[in-house]
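Participant: The structure's right below; bear with me while I get my questions together.
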Amino acid sequence: MTDLIDETIEVHTPRRYEITGKVDGHNIKKVGHLEATQQIDVSPYSSRRVTGYVGDLPENRHAVFLPRRTTSKLEGQDIFVVPECASPEDLSRKSLRGEISWLWPKPRRAKEVTINEAKAICQRVRNSWRGKFKFQEEVRDAKGVTQSGLRPPQIGALHAALAHWSVSTKPSTIVMPTGTGKTETMLALLVSVEIGRLMVVVPNAALRDQIADKFLTLGVLKVAEVLDDSAELPVVATLAHRPRSIQEVDNIFERANVIVTTMQVAGQCNENIQERMAEHCSHLFIDEAHHVAARTWQAFKLKFDSKIVVQFTATPFRTDGKKVDGKFIYVYPLAKAQNEGYFRPIRFQAVQGLDQAEADEEIVKLVGDQLRADLGEGHDHLVMARANNIDRAGKLHEMYEERLGDFHPMLVHSRMSASNRKDAIEKLRNRGSRIIVCVDMLGEGFDLPQLKISGLHDRHKSVAVTLQFTGRFTRDCENIGDATVIANIEQSDINDALRSLYAEDADWNYLLKVLSETKTGRQLKRAEVLEGFKEGLEGIPLQTLYPKMSTIVYRTNCDEWRPQNIDEAIPFASIQFGPVINEAERLVVFITRDESYVQWSSTKEIFNVEWNLYLVHWDRETKLLYINSSKTKDLHENLARAIGGDGASRIAGESVYRVLDGINRLMLTNLGLSSTLGRNIRYTMFVGSDITTQLSSAAYRTKRKSNLFGLGYSGDGKVSVGCSARGKIWSMQSAGDFSEWLEWCRLIGSKLIDDSIGTDSFVQNLIKQEVITERPEKPPIAVHWPESLLIEFEERIQIKFGTGDWVGFYECEINTAQHEETGPIQFIVSTEGAAATFEVRLSENGAQYPQVEGPEVRVNYKGERLLADLFNDDPPHIYFADGDFLIFNELFKPPRGEDRILFDLEQIETRDWSDTDLNIESQGLEKNPRSIQRVVIEELLAREPAFDIVFDDDGAGEIADVVAIRKHDGRLIVELFHCKYAHGATAGNRVADLYEVCGQAQKSVRWRDYPIRLLKRIRKRENDRMVVGNPSRFERGDMGTLKGLISCCQELEPDYHVWIVQPGLSKAMIEPKQLDLLAATEVFLSETYGIPLRVIASEN
């Protein structure tokens, strides 16, 4: 019986399962009542000696609330137990605390439901969806939601899928950034189409359980008022392991509307099992499709070839870098996600220039600083620290506990028990901890928006996914600020990492705020050019464009350029992106889409599509117009006239070859000549040593240059240049940004219009090549490693001597064995405690480099092999005292001119070496004060302005005996001191005293190419010294100083100086042969990288 006196209270009712339990080890569930909190009228209840309260729930369901369990049969559709509830207020309070449970109706055990009953239930569920879904979009204003519905990205994706299905059953892909509601889109598709049976595949078990729970409740569809309350909730099966038989597949799939499993389970099933799964399903949804790459998984997907397959992903690129397959039917932009409030800006801070241990320390510190700062501003932020394996995660967890123990860091990985993982996550949720250390991430789909600080100790395969995970934002979540990502990325990798990110989605261009030191030099110029564009190319960040260093140059006589007239030369129908204009730089950029019919078919349905990038720059001062296009066959005459006026004329013919002027040690690799006499031979291509012969022969006067390409040095490093008589000029390089291309164009243009430059003046700078079969009679002074080894990361190369251990490439060196003018040319490859001798053997068949002495040497570089075999394929370079060098069987002779170059005696400084033993070069571990090296170090320590670093690098694999570095006025000043002991007790004029040290000076130019590698080499050398307990190599500075230089070195202009220190050389007694040797070394350093050479010697 009930009382007539009602009282209105707030009651929380928990979720009730209509069906629950396992069948063949797989969970099958159906929710009969959703968890809810509502206002209801209750009155006292009494029946059969059972008392409590009674009220009506929504849908006119009669509910009874009892203080204790009972076995009595009572009236009422829904019966709850609220322990010891003594009043309506007590009932409300306890239910809101979760102290309430269902007594009736009881759920049916899944395995007790027959297959026929299960099929009927599934059909009843689908029938209940018919006509119950509304395509209604959420509307918001400044005050909040004015109309419930699906979010714009959800309704957009829903319409896109339905439109695609109306015309095609081919696989499709939907791209929705994290936090925009991919799962709700799946739910909406399920009920709006009344899908027969859906299989959902996700990357991992955690996401499987989470998404299965979403399907059980249909998420927010009812709350958003797009699904009527009368619509039933689906039966959901969670496939926990691989089914062992077709019967097991039938027993599970026929009981459910939705089956959720992982890629690992589905992809590894037997083929007949997979086929059976596909037979049962009408649709396949793949969540987080960027994980899909394995061949086994692709094979599984093919089983659904006749079914409807939709892939959902946060990024269009897979973790292996390839694009997700399937037609992209809907892509919701990141920028729009931010504008709509689903995303917050992300501050990206790179920890640079550190080895792993140091980087870990720095990341932990920065994470702690950021967390404290965010909490201080009232933000309820949490930290996710990521490692790439379990062992690393364990060590990092210890580090976080030690340094940030007040935040109670937790550890989560796959080897932990499920209960321990759950406990760790729960502590994070209830703020018992604010830091969680995990392997990879907590799993896409993990729902904890307060994770706003990421410490990425190891880079994720997809930076974009990591950043989305951290940057997602729930609009209804309070006390959340912007996200911060702190990552271990070397300075040299930052641009590549960001370019890769921008390539995945253009909107990262302004979603990501990169935290770094103040930009200088090149970075400022790059930023200035980019900021000069008032708008960008839609969907394509300008930062992702890397034009080739190429151009065709036109003279103009206009007073102003006319980029608005581009359509006079190129129809706007062909221009797909742009044009965008930087008026300050007078630079216009656009991209065209050109179609051409295939030649092998007459159909008009098939055609080739070519995308072409255009850059056009007009220099007002010189009135030169530069056109760069990936459409290389075109000379762009019409475009030049449209922008530069009718008077635009292409610079072509002999004038083009002026661009080769000023290139030192020029080595032509290709030369095309056209005959000006006769009819039979019109064009001939020459390569290698034939080029020099042609340019110096009498026959050259009857031919004209058609095109050529060469390599050389500009005095600031290596350069390449090609040009043709038609006016095309190019380099093998790609521009890192538009500013580099602009500077290159202006340099090219200044040569083209300089009438003082002869069109054949480059010939005097040519290196002559001669094929030889016998060694030249001149002393070798240096041998350089093959170019392929020098440009490779040193850590990837190892060398082994005999049965010894593998040693790093940086621990080995290569030197000439002797400096004789005759006899075999030999060189020595050595490391500490081992050495081997190789020989250069020339013949009519070429050159060989056999090992002739010492333990067998092997190299591990792109596979293990004999070092002699590598030399035979990629030979070392042998340098001689006169500047000539030998590569394989070709002797290269740099131009010397008619006048003999003498080394300026003023560049030889003298010291008082009376307290120095001229026969002791190295200071050793004991820092011998009478050694040559120690004298140099003491002088450097006293020099003003002071060096930041003075480093003793003496030993096998050295950069130089002493390296001195300082940062000044935007420059990285590096001074390399090569010391050599005297071959006699006193100073004199022995040329032997200079051979080796001059060779070392020439070899050190390799470090000018890669300043970052020089600094990292110093770091490695110091670490190796400290590991064995020896004194530090730092004479000034320390690892902290070095870290600072590494972090900023690429923002500094390198300024190198090379010193030869030979007390055995007497300035007063110096011989012409010694001056020739120093002059050859000076010319080499100057012409290649513009490095000055200084010498320190004795006076007498």
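The values are calculated or read from the model by the stated rules, or taken from the named source; none is laboratory data. These figures come from a predicted structure and were not determined experimentally. Here the Cβ is made from the backbone with ideal geometry for all residues, glycine too, and neighbour counts use every protein chain on show.
Participant: Could you run through the stretch 791-806 and say how many residues are surrounded by 17 or more Cβ atoms within 10 Å (Cβ to Cβ) and either modelled with pLDDT under 90 or acidic (Asp, Glu) (or both)?
Facilitator: Pass one, the stretch 791-806, residues surrounded by 17 or more Cβ atoms within 10 Å (Cβ to Cβ): 794, 797-801.
Remaining after also requiring either modelled with pLDDT under 90 or acidic (Asp, Glu) (or both): 794.
Matching residues across the stretch 791-806 total 1.
Participant: Right, another one. Just to verify a result, which residue in the stretch 1001-1040, among those that are outside any helix (DSSP H, G or I) and polar (S, T, N, Q), is nearest to Gln933 (Cα to Cα)?
Facilitator: My answer is Ser1032.
Participant: Just checking, how many residues over the stretch 1041-1071 are in a strand (DSSP E or B) and crowded, with 20+ Cβ neighbours inside 10 Å?
Facilitator: Keep residues of the stretch 1041-1071 that are in a strand (DSSP E or B), which gives 1053-1066.
From what's left, crowded, with 20+ Cβ neighbours inside 10 Å: 1054, 1056, 1058-1066.
Qualifying residue count for the region: 11.
Participant: From Ile799, Ile825, which residue is closer than 20 Å to Glu996 by Cα, of a type in the set (A, V, I, L, M) and touching a strand residue (DSSP E or B) at 6+ places or on another chain (Cβ under 8 Å)?
Facilitator: On the way: Ile799 fails: closer than 20 Å to Glu996 by Cα.
Result of the check over Ile799, Ile825: Ile825.
Participant: Please enumerate the residues belonging to the stretch 736-759 that are assigned to a loop (DSSP other than H, G, I, E, B), surrounded by 14 or more Cβ atoms within 10 Å (Cβ to Cβ) and touching an Asp or Glu at 6+ places or on another chain (Cβ under 9 Å).
Facilitator: Across the stretch 736-759, the qualifying residues are Ile757, Thr759.
Participant: Now, a different point. Starting from the stretch 81-105, keep only residues that are under 19 Å from Ser43 (Cβ atoms) and assigned to a loop (DSSP other than H, G, I, E, B), then list their pairs with residues that are acidic (Asp, Glu) and at pLDDT 90 or above whose Cβ atoms are within a distance under 7 Å, requiring at least 6 positions of separation or different chains.
Facilitator: Note: pairs meeting the criteria are Val82/Glu99.
Participant: Shifting gears a bit: With respect to the numbered conditions (1) out of contact with any Ser or Thr (no Cβ under 6 Å at 6 or more places or on another chain); (2) part of a strand (DSSP E or B), which one is the sole condition not fulfilled by Leu842?
Facilitator: Failed condition: (1).
Participant: Output the residue which, of all residues in the stretch 504-559 that are touching a Phe, Trp or Tyr at 6+ places or on another chain (Cβ under 8 Å) and of a type in the set (S, T, N, Q), is modelled with the lowest pLDDT.
Facilitator: Among residues in the stretch 504-559 that are touching a Phe, Trp or Tyr at 6+ places or on another chain (Cβ under 8 Å) and of a type in the set (S, T, N, Q), the one modelled with the lowest pLDDT is Asn509.
Participant: Inspect all residues belonging to the stretch 949-968 and state whether any of them is over 23 Å from Gly1064 (Cβ atoms) and either assigned to a loop (DSSP other than H, G, I, E, B) or at pLDDT below 90 (or both). Please lay out each step first, then the result.
Facilitator: Residues of the stretch 949-968 that are over 23 Å from Gly1064 (Cβ atoms), as a first pass: 949-951, 957, 965-968.
Among the residues that remain, those that are also either assigned to a loop (DSSP other than H, G, I, E, B) or at pLDDT below 90 (or both) are: 957.
Taking every residue of the stretch 949-968 in turn, at least one turns out to be over 23 Å from Gly1064 (Cβ atoms) and either assigned to a loop (DSSP other than H, G, I, E, B) or at pLDDT below 90 (or both).
Participant: Can you report the number of residues in the stretch 586-613 which are within 30 Å of the chain's Cα centre (by Cα) and charged (D, E, K, R)?
Facilitator: Number satisfying all stated conditions: 2.
Participant: Regarding Leu1075, is this residue aliphatic (A, V, I, L, M), in contact with a strand residue (DSSP E or B) (Cβ under 7 Å, 6 or more places away or on another chain) and part of a helix (DSSP H, G or I)?
Facilitator: When the stated conditions are applied, Leu1075 does not pass them.
Participant: Pull up the stretch 38-62, narrow it to residues that are closer than 27 Å to Asp228 by Cβ and free of Cβ contacts under 8 Å to residues at least 24 places away in the same chain, then point me to the one that is surrounded by the fewest Cβ atoms within 10 Å (Cβ to Cβ).
Facilitator: Top of the filtered list is Asn60.
Participant: More than 21 Å from Glu890 (Cβ to Cβ) and either assigned to a helix (DSSP H, G or I) or at pLDDT below 60 (or both), is that true of Gly647? Before you say what the answer is, go through the steps one by one.
Facilitator: Numbers: more than 21 Å from Glu890 (Cβ to Cβ): yes; either assigned to a helix (DSSP H, G or I) or at pLDDT below 60 (or both): no.
Against the criterion (more than 21 Å from Glu890 (Cβ to Cβ) and either assigned to a helix (DSSP H, G or I) or at pLDDT below 60 (or both)), Gly647 does not qualify.
Participant: Quick test of your reading of the structure: Gln123 fulfils all but one of (1) in a helix (DSSP H, G or I); (2) closer than 27 Å to Ser43 by Cα. Name the failing condition by number.
Facilitator: All conditions are met except number (2).
Yes/no matrix, rows are residues, columns are (1) crowded, with 19+ Cβ neighbours inside 10 Å; (2) over 39 Å from the mean Cα position of the chain (by Cα):
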{"site": "Glu844", "(1), (2)": "no, yes"}
{"site": "Gln851", "(1), (2)": "no, yes"}
{"site": "Asn872", "(1), (2)": "no, no"}
{"site": "Pro875", "(1), (2)": "yes, no"}
{"site": "Ala881", "(1), (2)": "yes, yes"}
{"site": "Glu890", "(1), (2)": "no, yes"}
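Participant: Mind listing just one residue for me: the one in the stretch 213-242 that is touching a residue at least 60 places away in the same chain (Cβ under 8 Å) and outside any loop (DSSP other than H, G, I, E, B) and, of those, farthest from Lys30 (Cα to Cα)?
Facilitator: Leu227
Participant: Is it the case that the stretch 567-574 has a residue that's outside any loop (DSSP other than H, G, I, E, B) and at pLDDT 80 or above?
Facilitator: Here is the first cut: in the stretch 567-574, the residues outside any loop (DSSP other than H, G, I, E, B) are 567-568.
From the residues that got through so far, the ones that are at pLDDT 80 or above too are 567-568.
Scanning the stretch 567-574, I find at least one residue that is outside any loop (DSSP other than H, G, I, E, B) and at pLDDT 80 or above, so the answer is yes.
Participant: I've got another one for you. Looking at the structure I just gave you, is Asp805 under 24 Å from Ser830 (Cα atoms) and without any contact (Cβ under 8 Å) to a residue 12 or more places away in the chain?
Facilitator: On the way: under 24 Å from Ser830 (Cα atoms): yes; without any contact (Cβ under 8 Å) to a residue 12 or more places away in the chain: yes.
When the stated conditions are applied, Asp805 passes them.
Participant: Additional query: Please verify whether the stretch 1072-1086 includes one or more residues that are hydroxyl-bearing (Ser, Thr, Tyr), under 18 Å from Cys979 (Cα atoms), surrounded by 16 or more Cβ atoms within 10 Å (Cβ to Cβ) and not assigned by TED's automatic domain parsing to the domain that holds Ile781. If you could, list the steps in order and put the result at the bottom.
Facilitator: At the first step, the residues of the stretch 1072-1086 found to be hydroxyl-bearing (Ser, Thr, Tyr) are 1081, 1086.
This time we only want the ones that are under 18 Å from Cys979 (Cα atoms), so: 1081.
Imposing the further condition that a residue be surrounded by 16 or more Cβ atoms within 10 Å (Cβ to Cβ) reduces the set to 1081.
When the remaining residues are screened for being not assigned by TED's automatic domain parsing to the domain that holds Ile781, the result is 1081.
Looking through the stretch 1072-1086, at least one residue is hydroxyl-bearing (Ser, Thr, Tyr), under 18 Å from Cys979 (Cα atoms), surrounded by 16 or more Cβ atoms within 10 Å (Cβ to Cβ) and not assigned by TED's automatic domain parsing to the domain that holds Ile781.
Participant: Is one or more of the residues making up the stretch 218-239 within 40 Å of the chain's Cα centre (by Cα), modelled with pLDDT of 90 or more, surrounded by fewer than 17 Cβ atoms within 10 Å (Cβ to Cβ) and not hydrophobic (A, V, I, L, M, F, W, C)?
Facilitator: The answer is no, given that none of the residues of the stretch 218-239 is within 40 Å of the chain's Cα centre (by Cα), modelled with pLDDT of 90 or more, surrounded by fewer than 17 Cβ atoms within 10 Å (Cβ to Cβ) and not hydrophobic (A, V, I, L, M, F, W, C).
Participant: Then there's this: Restricted to the stretch 146-167, and to residues that are among the hydroxyl-bearing types (Ser, Thr, Tyr) and either free of Cβ contacts under 8 Å to residues at least 60 places away in the same chain or not assigned by TED's automatic domain parsing to the domain that holds Val226 (or both), which residue is surrounded by the fewest Cβ atoms within 10 Å (Cβ to Cβ)?
Facilitator: As a first pass, look at the stretch 146-167 and keep what is among the hydroxyl-bearing types (Ser, Thr, Tyr): 146, 148, 166.
Cutting the leftovers down to either free of Cβ contacts under 8 Å to residues at least 60 places away in the same chain or not assigned by TED's automatic domain parsing to the domain that holds Val226 (or both) gives us 146, 166.
Values: Thr146: 9, Ser166: 7.
Looking at residues that are among the hydroxyl-bearing types (Ser, Thr, Tyr) and either free of Cβ contacts under 8 Å to residues at least 60 places away in the same chain or not assigned by TED's automatic domain parsing to the domain that holds Val226 (or both), I get Ser166.
Participant: Pick out the one residue from Lys718, Lys703 that is modelled with pLDDT under 85 and surrounded by 18 or more Cβ atoms within 10 Å (Cβ to Cβ). Steps first, answer last, please.
Facilitator: Values: Lys718 fails: surrounded by 18 or more Cβ atoms within 10 Å (Cβ to Cβ).
Sole residue among the options that is modelled with pLDDT under 85 and surrounded by 18 or more Cβ atoms within 10 Å (Cβ to Cβ): Lys703.
Participant: How many of the residues making up the stretch 845-873 are free of Cβ contacts under 8 Å to residues at least 24 places away in the same chain and outside any helix (DSSP H, G or I)?
Facilitator: The initial filter retains those residues of the stretch 845-873 that are free of Cβ contacts under 8 Å to residues at least 24 places away in the same chain, namely 845, 850-851, 853, 862-866, 869, 873.
Adding the requirement that they be outside any helix (DSSP H, G or I) leaves 845, 850-851, 853, 862-866.
Number satisfying all stated conditions: 9.
Participant: Residues to consider are Trp618, Trp611; find the one that is surrounded by 13 or more Cβ atoms within 10 Å (Cβ to Cβ) and among the aromatic types (Phe, Trp, Tyr). Can you show your working first?
Facilitator: Details: Trp611 fails: surrounded by 13 or more Cβ atoms within 10 Å (Cβ to Cβ).
Step by step, each of Trp618, Trp611 is checked, and only Trp618 is surrounded by 13 or more Cβ atoms within 10 Å (Cβ to Cβ) and among the aromatic types (Phe, Trp, Tyr).
Participant: Could you please let me know if Thr178 is of a type in the set (S, T, N, Q), part of a loop (DSSP other than H, G, I, E, B), in contact with a helix residue (DSSP H, G or I) (Cβ under 6 Å, 6 or more places away or on another chain) and in the same structural domain as Asp287 (by TED's automatic domain parsing)?
Facilitator: On the way: of a type in the set (S, T, N, Q): yes; part of a loop (DSSP other than H, G, I, E, B): yes; in contact with a helix residue (DSSP H, G or I) (Cβ under 6 Å, 6 or more places away or on another chain): yes; in the same structural domain as Asp287 (by TED's automatic domain parsing): yes.
Judged against the criteria, Thr178 is a match.
Participant: Does Lys143 count as surrounded by fewer than 11 Cβ atoms within 10 Å (Cβ to Cβ) and either under 30 Å from Val236 (Cβ atoms) or at pLDDT below 95 (or both)? Spell out how you get there, then give the answer.
Facilitator: Values: surrounded by fewer than 11 Cβ atoms within 10 Å (Cβ to Cβ): yes; either under 30 Å from Val236 (Cβ atoms) or at pLDDT below 95 (or both): yes.
Considered against the rule, which asks whether it is surrounded by fewer than 11 Cβ atoms within 10 Å (Cβ to Cβ) and either under 30 Å from Val236 (Cβ atoms) or at pLDDT below 95 (or both), Lys143 comes out as yes.
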